[in-house]
Amino acid sequence: MMKSYSSEKIIRGQPFALAVEPAVQPHPTDPIRLGKLATLAGMSVSAYTRLFRETIGLSPLEYCIKLRLHMVRGLLLKSNLSLNDIAARTGFCDSNYMIKQFRLRQGGTPARLRKHLSE
């Protein structure tokens, strides 16, 4: 019989949603280590990923990309850094991947947002 996890699962004395955020949010530029996060939660990778999606509404990777894109947007608003520099500072492997993810989730490119902000 398959073990099911509810979104009310308690990890280290906290609801799962509160236990997972400190592990991911302070280091969104670091590579995601699902095995490490699952071990910290005392779960298998598949159970951890399933519970993460049920609780947060996104996969761990999607959540990390969302955090990184939030940082990208902040840097676009507050700096004149090149897209290559922004990608490096926000944990994307290169600016092309960052632009692709930005376009998919924001509906436009970082350059278009920057141009719109400067007008």
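The values are calculated or read from the model by the stated rules, or taken from the named source; none is laboratory data. As the structure is a prediction and not an experimental result, all values here were calculated from the model. Neighbour counts run over all protein chains shown; Cβ positions are idealised from the backbone, glycine included.
Against the numbered list (1) modelled with pLDDT of 90 or more; (2) surrounded by 15 or more Cβ atoms within 10 Å (Cβ to Cβ); (3) not acidic (Asp, Glu), ARG105 comes up short only at (2).
Selection within region 88-116: residues that are among the hydrophobic types (A, V, I, L, M, F, W, C) and outside any helix (DSSP H, G or I). The member of this set that is farthest from VAL72 (Cα to Cα) is CYS93. Can you say whether LEU61 is surrounded by fewer than 16 Cβ atoms within 10 Å (Cβ to Cβ) and under 9 Å from the mean Cα position of the chain (by Cα), as far as the supplied structure shows? Here the answer is yes, as LEU61 does meet what is asked.
Pairs are defined by a Cβ separation below 6 Å, a sequence spacing of at least 6 or placement on different chains, a first member in region 44-68 that is outside the structural domain of LYS100 (by TED's automatic domain parsing) and over 24 Å from ARG89 (Cβ atoms), and a second member that is charged (D, E, K, R) and assigned to a helix (DSSP H, G or I); no pair meets this definition.
Pairs meeting the criteria (first residue in region 99-117 and closer than 22 Å to LEU58 by Cβ, second residue not in a helix (DSSP H, G or I), beta carbons under 6 Å, at least 6 apart or on different chains) are ILE99/THR109; ARG103/THR109.
Restricting attention to region 69-102, the residues that are touching a Lys or Arg at 6+ places or on another chain (Cβ under 6 Å) and surrounded by fewer than 16 Cβ atoms within 10 Å (Cβ to Cβ) total 0.
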